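Every number here is computed from the coordinates shown, using simple stated rules; none is lab data. These numbers were taken from a predicted model, which means no experiment stands behind them. Positions of Cβ are backbone-derived with ideal geometry, glycine not excepted, and every protein chain shown enters the neighbour counts.
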């Protein structure tokens with residue numbers, strides 16, 4: 001295969017390897033089991049949500065409300081447990097709440113036909129307000145002891161959040177690659193009208209995608225709650241940016257119908273490695289933001305430019 | 001009558017494999033209404049586009065005002081006074097009438113717009129047309145008829161000498177049509193050249209001074225209105241031999257497989273017909289007759305407000321394409337790029353897309369079954385592709401159409417609806433598709449075929465339904481299936 005084709009197809013994996021190589025050389029502390037597990041744990045919240053976001057963006061939609069769903073979920077679960085609800089039940093109820101938010105989002109997006117950007121922007125705002133209302137603006141403390149396992153526990157040496165994230169990626173991969181539903185997700189994003197005319201239940205696909213996003217955001221919120229051991233109404237603020245950056249970096253097209261979970265994992269890891277590496281090198285947080293933005297712009301530009309070249313070649 | 005203002009000499013336009021215009025020569029004079037008539041695909045739109053500069057002719061010359069025009073483009077043409085009004089208006093709904101009339105040519109200094117002057121001039125032009133519209137009104141608040149008048153005013157303000165009107169009465173009510181006739185008469189008396197394109201013979205005979213007939217991209221004849229009549233025009237429009245060879249037709253057809261009774265919705269009116277097993281039922285009609293709307297209603301894409309459908313004698317409710325597919329129907333849409341295929345996906349994805357339930361168990365796809373499905377149909381339909389992993393957008397039109405057809409054949413459907421099956425497809429691929437269609441009905445499947453190509457319609461159909469303006473005007477079969485008869489039924 002010609003060099004250019006290799007670069008295009010495996011570009012992000014190469015970038016990840018290069019970054020790992022670079023930071024291993026630049027910092028002694030980087031390439032240790034502890035630190036690598038650290039990276040995985042740091043990206044696990046964003047990683048879990050990214051799976052849901054991938055489904056949504058594949059259908060040519062977008063879900064900006066995920067950060068607020070994280071916040072609402074964290075404080076909702078915290079309050080429930082404070083009122084004596086059994087942690088397992090609070091867990092389940094919160095997940096259901098995430099699904100319900102997904103239903104609301106899809107209703108306005110598909111039935112009322114308002115652009116997803118606007119709808120999820122609206123729910124982002126309203127839900128954040130609800131999070132504040134639930135807590136009266138103050139963090140919620142006093143969670144039952146057992147609950148910290150989800151965010152802080154280990155299973156066979158691996159942090160639980162990492163296991164959850166890997167499980168989400170595995171299921172996401174499986175569903176998108178191997179099931180009918182996954183196929184329809186790609187089809188609806190690629191051409192919604194042609195899908196409808198081919199007998200696809202577009203409405204059902206969209207509802208499932210957004211409910212999945214809500215569900216996984218709620219799960220992420222539950223994990224976050226356990227990690228910080230308090231229900232913060234500000235939890236999850238701004239996470240939508242990190243999630244979308246990771247997803248887009250991973251090759252998922254905002255136009256829908258294109259992109260794979262394997263790419264998303266890599267995109268998330270690239271951002272995680274970058275952040276972790278820069279911290280180890282004592283690079284200030286402000287510069288970190290600039291680097292993140294630049295990486296996203298560079299990666300996407302390379303992808304778009306190479307696409308244009310491919311189209312030109314195909315037409316000659 | 002004066003010297004030709006606009007003279008087209010030997011205008012030809014070739015596209016790969018298609019002669020859209022073939023040596024057309026026409027004179028247009030000042031102060032006349034000159035109509036151009038012809039079937040769908042006769043070349044009228046292409047001709048207009050060469051006059052307005054939207055397309056450059058492959059060969060031939062255009063003389064305007066005695067000057068040879070070369071390197072025409074729309075901006076230049078507009079400046080020279082050649083203006084066109086299409087069915088989709090070029091107006092900005094949120095701006096005022098005056099702002100639209102002077103759009104791109106606003107009056108005033110470098111930074112400021114002189115609204116007062118624009119309003120005054122607009123009022124002048126509008127009263128010249130005999131119309132009472134406030135120049136400050138927003139275009140979106142006007143009825144379609146008045147919007148069209150604004151378009152005309154726009155052309156006049158640009159000092160148009162040639163005004164092209166393409167099916168102008170399509171969106172108008174009958175009183176608005178009368179108003180339009182008055183305006184056309186007025187403009188003609190003021191010396192404007194009006195090139196009028198329409199399918200409606202009443203209008204053509206009401207307005208025209210001269211009528212030019214086109215057929216298959218060729219100029220046929222120009223007649224004075226007084227010297228001709230509808231039937232002469234019709235026979236000039238279709239007067240070709242059938243030429244192409246089509247597979248032999250069905251010797252017998254079976255029982256009714258689909259019955260449509262009194263189907264109505266906002267686009268179609270009280271349609272009733274029967275589709276028999278093993279037949280190809282053609283549907284003819286001009287653009288806008290409602291053919292596509294009819295099949296979309298039958299297939300569940302658009303809602304039905306009245307009427308019922310029966311499949312093999314049983315009443316069925318089809319509210320979504322999913323239901324139609326459940327009843328073993330398939331629809332190959334008119335626009336295969338937007339509605340038929342998922343262009344960015346590969347051949348395999350497209351072919352299996354409507355039959356995923358057949359290659360999956362408990363929701364999980366059998367990759368091997370899918371690959372076999374694709375390779376089987378690629379072979380069966382002779383789809384020219386480097387492989388099943390090729391993106392459909394890279395295939396030629398004919399092969400894209402075959403992929404869409406394969407998708408439906410894979411669902412094992414019994415009733416197939418083809419909407420313009422061979423549009424934009426080369427001759428060789430056309431023959432292949434005709435052969436495939438005949439094979440299908442030979443296996444006792446049934447086909448409904450919408451086509452604007454008369455030879456194809458007559459060559460392939462066992463019977464033909466004719467539609468006009470949303471209603472069924474009749475049915476022809478056997479010896480009655482002639483181009484003249486069908487075109488007459490489509491336009492009377």
FRET E, pair residue B:261, residue B:412, Förster distance 22 Å, beta-carbon r, rounded to 0.05: 0.25
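Over all residues in B:321-328, what is the mean tally of Cβ atoms on other chains that come within 10 Å of each residue's Cβ?
Numbers: counts 8, 7, 1, 2, 4, 1, 0, 0.
Mean partner shielding for this stretch: 3.
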Values of log10 I(q)/I(0), in the order q = 0.07, 0.10, 0.12 Å⁻¹, for chain B under a Debye, Cα-only, solvent-free model: -0.46, -0.88, -1.15
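Per residue, how big is the convex hull of the range B:305-361 when only Cα atoms are used? Give it in Å³. Provide the component values of the computation, followed by the final result.
Values: hull volume 7.1 nm³, N = 57.
Enclosed volume per residue, from the Cα hull, is 124 Å³.
As a test of the formula, what do you get for the protein assembly as shown when each DSSP H run with n ≥ 4 contributes -39,500 (n - 2.57) and the sum is divided by the residue count, at 222 nm and rounded to the nearest 500 deg cm²/dmol?
Result for the protein assembly as shown: -16000 deg cm²/dmol, rounded to the nearest 500.
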Shape box of chain A [Cα atoms, principal axes, largest first, Å]: 69, 57, 35
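Using the eigenvalues of the Cα gyration tensor, what equivalent ellipsoid semi-axes result for the range B:168-308 when each is taken as the square root of five times the eigenvalue, whole Å, largest first? Don't skip to the end; give the middle numbers.
Details: eigenvalues 279, 117, 23 Å².
One finds semi-axes of 37, 24, 11 Å for the range B:168-308.
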Share, in percent, of DSSP beta bridges within the protein assembly as shown that are antiparallel, nearest 5: 60 percent
Cα Rg, Dmax (largest Cα-Cα span) when computed across the range A:63-173, Å: 15.9, 48
For chain B, share of DSSP beta bridges that run antiparallel, in % to the nearest 5: 55 percent
Rg over Rh, two decimals, the range B:176-258 (C-alpha only, Kirkwood Rh): 1.20
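What fraction of the Cα pairs in the range B:6-238, stated in percent, has a spacing above 24 angstrom? Can you show the working numbers first?
Details: 12381 of 27028 pairs.
That tail contains 46 percent of the Cα-Cα pairs.
Counting other beta carbons within 10 Å of each Cβ, put B:257, A:25 in order, fewest first.
So the ranking, lowest neighbour count to highest, is A:25, B:257.
Quick one: if the Förster radius is 25 Å, what FRET efficiency do residue A:174 and residue A:22 give, using the C-beta to C-beta distance and rounding to 0.05? Working shown, then result.
Details: r = 33 Å, r/R0 = 1.31.
Between residue A:174 and residue A:22 the formula returns 0.15.
Listed highest first by mean packing, meaning other Cβ atoms within 10 Å per residue, what order do B:76-87, B:474-485, A:246-257, B:371-382 come in?
Working: B:76-87: 18.6, B:474-485: 14.8, A:246-257: 22.3, B:371-382: 16.8.
Descending mean neighbour count gives A:246-257, B:76-87, B:371-382, B:474-485.
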Two-decimal Rg/Rh across the range A:81-238, once Rg and the Kirkwood Rh are taken from alpha-carbon atoms: 1.02
Residues B:69, B:467, sorted so that the one with the fewest Cβ neighbours within 10 Å comes first: B:69, B:467
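For the range B:256-491, divide the Cα radius of gyration by the Kirkwood radius and give the resulting Rg/Rh value with two decimals.
Numbers: Rg = 17.6 Å, Rh = 18.2 Å.
Dividing the radius of gyration by the Kirkwood radius yields 0.97.
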Relative intensity, log₁₀ I(q)/I(0), of the protein assembly as shown from a Debye sum that treats every alpha carbon as a point, q = 0.06, 0.10, 0.11 Å⁻¹: -0.54, -1.16, -1.25
In nm, spacing of pseudo-spin labels at residue B:287 and residue B:19 (7 Å Cα→C-beta vector): 2.2 nm
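Dividing the alpha-carbon radius of gyration of the range B:359-419 by 2.2 N^0.38 Å (N being the number of residues), what value is obtained?
Numbers: Rg = 12.4 Å, N = 61, 2.2 N^0.38 = 10.5 Å.
Taking the Cα Rg and dividing by 2.2 N^0.38 Å, one obtains 1.19.
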Centre separation in Å (Cα based) which lies between the range A:40-57 and the range A:87-121: 17 Å
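For the range A:28-85, compute Rh as the Kirkwood radius over C-alpha pairs and then the Stokes-Einstein diffusion coefficient at 10 °C and 1.306 mPa s; write the answer in µm²/s, rounded to an integer. Write down the numbers at each step before the final one.
Numbers: Rh = 14.0 Å.
Estimated via Stokes-Einstein, D reaches 114 µm²/s.
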When the range B:377-492 is reduced to its Cα atoms, the Kirkwood hydrodynamic radius in Å: 15.5 Å
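Would you kindly calculate the mean projected area, averaged across all directions, of the convex hull enclosing the Cα atoms of the range A:173-221, in square nanometres? Walk me through the numbers before you get to the answer.
Values: hull surface 14.1 nm².
Averaging across all directions leaves 3.5 nm² for the Cα convex hull.
How large is the convex hull of the C-alpha atoms of the range A:215-295 per residue, in Å³? Can you show the working numbers first?
Numbers: hull volume 10.0 nm³, N = 81.
With only Cα atoms used, the range A:215-295 gives 123 Å³ per residue.
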For the range A:239-287 and the range B:396-445, distance of Cα centres in Å: 46 Å
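Quick one: in the range A:112-184, what % of C-alpha pairs are over 21 Å apart?
Details: 1681 of 2628 pairs.
Tail of the P(r) past 21 Å holds 64 percent of the pairs.
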For residues of B:360-368, the mean tally of beta carbons on other chains within 10 Å: 3
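Compute the relative contact order of chain B as a whole-number percentage, counting only Cα pairs closer than 8 Å that sit 6 or more residues apart in sequence.
Working: 948 pairs, mean separation 74.4, N = 492.
Relative CO of chain B lands at 15 percent.
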Mean Cβ neighbour count within 10 Å, used as a protection proxy, ranking B:200-208, A:237-245 highest first: A:237-245, B:200-208
